[in-house]
Amino acid sequence: MLRSKDKKQVNLIAQTNPKSPITEQYRLIRTNIQFSSVDKEIQTIVVTSSEPNDGKSTTAANLAIVLAQEDKKVVLVDADLRKPSVHYAFSLSNIEGLTSVLTKKMTIEKALMKTNVPNLEILTSGPIPPNPSELLNSKAIETAIDELKGIYDYIIFDTPPVLVVPDSQIVANKCDGVIIVVASGKTNKQSAVKAKELLLKANTSLLGVVLNGVETDNSNYYYYQS
């Protein structure tokens, strides 16, 4: 597992090492999400954490990859408008992106970018705005989500840590479910509980928690459905 403080480093292990035990754990997360869809369709998923550097971006990216590997049309949206990292992970330009769409400077079709992972496209964050929370709480984001739902089977949102800014709560309220990422030996338990409470108060559906950094049975990632 990556523990670098550099947000540019996101480990795309599901792409580079599909036979890894860690990749298998991402597939398990995928399976659990699909089972969660029995009673309610889950198409839009927010991935967040309580604190920075817990591995949320790595989890979001690899979840998007394993979903795409199952012949699902997937888009990974970088909704971390303060410290975006998805474009670094996939070596893409971030000159235009989500903020360009929300400010009506570009259509979604033009902002979407292809990757070398079949079925997976990316909507980078775009230029960092002065008002991230306001943009994410606008009618424009709801319109963008509706448009993406007409194109993709799954829309994965990488969002900022819950306890840092309200952005994750705002986006999660507009989506089908949220996954919280916590880091073993790093994430404060009270912080994780607080993050869960804030998300539930925002009227979100908690799909589960991904615990990373636990080295048991050669696996680093585990998924606990709520």
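Things to note:
- Scanning region 159-178 for residues that are touching a strand residue (DSSP E or B) at 6+ places or on another chain (Cβ under 8 Å) and assigned to a loop (DSSP other than H, G, I, E, B) yields THR159, PRO160, PRO161, VAL162, LYS174, CYS175, ASP176.
- Only residues that are of a type outside the set (Gly, Ala, Ser), surrounded by 15 or more Cβ atoms within 10 Å (Cβ to Cβ) and within 16 Å of LEU120 (Cβ to Cβ) were counted in region 14-28, giving 4.
- For LYS174, the conditions (1) within 14 Å of ASN203 (Cα to Cα); (2) charged (D, E, K, R); (3) modelled with pLDDT under 95 all hold with the exception of (3).
- Counted residues, region 64-88 - those being open to solvent by less than 10 Å² (accessible area, probe 1.4 Å) and closer than 12 Å to VAL117 by Cβ: 8
- Residue match in region 140-158 (condition: in contact with a helix residue (DSSP H, G or I) (Cβ under 8 Å, 6 or more places away or on another chain), open to solvent by 30 Å² or more (accessible area, probe 1.4 Å) and not in a loop (DSSP other than H, G, I, E, B)): yes
- Of all residues in region 115-139 being open to solvent by 10 Å² or more (accessible area, probe 1.4 Å) and among the hydroxyl-bearing types (Ser, Thr, Tyr), the one that is farthest from LEU92 (Cα to Cα): SER138
- For LEU112, the requirement of being farther than 19 Å from SER168 by Cα, free of Cβ contacts under 8 Å to residues at least 60 places away in the same chain, touching a strand residue (DSSP E or B) at 6+ places or on another chain (Cβ under 6 Å) and open to solvent by 20 Å² or more (accessible area, probe 1.4 Å) is met.
- If you go through region 25-74 and keep only what is β-branched (Val, Ile, Thr) and touching a Pro at 6+ places or on another chain (Cβ under 7 Å), you end up with just THR48.
- Any chance THR48 is in contact with a Cys (Cβ under 9 Å, 6 or more places away or on another chain), buried (at least 18 other Cβ atoms within 10 Å of the Cβ), at negative phi and at pLDDT 95 or above: no
The values are calculated or read from the model by the stated rules, or taken from the named source; none is laboratory data. On a predicted model such as this, the values are computed, not experimentally measured, just so you know. Here the Cβ is made from the backbone with ideal geometry for all residues, glycine too, and neighbour counts use every protein chain on show. We work out accessible area using only protein heavy atoms, side chains counted, and drop any ligands, DNA or RNA first. Shrake-Rupley method; radii C 1.70, N 1.55, O 1.52, S 1.80 Å.
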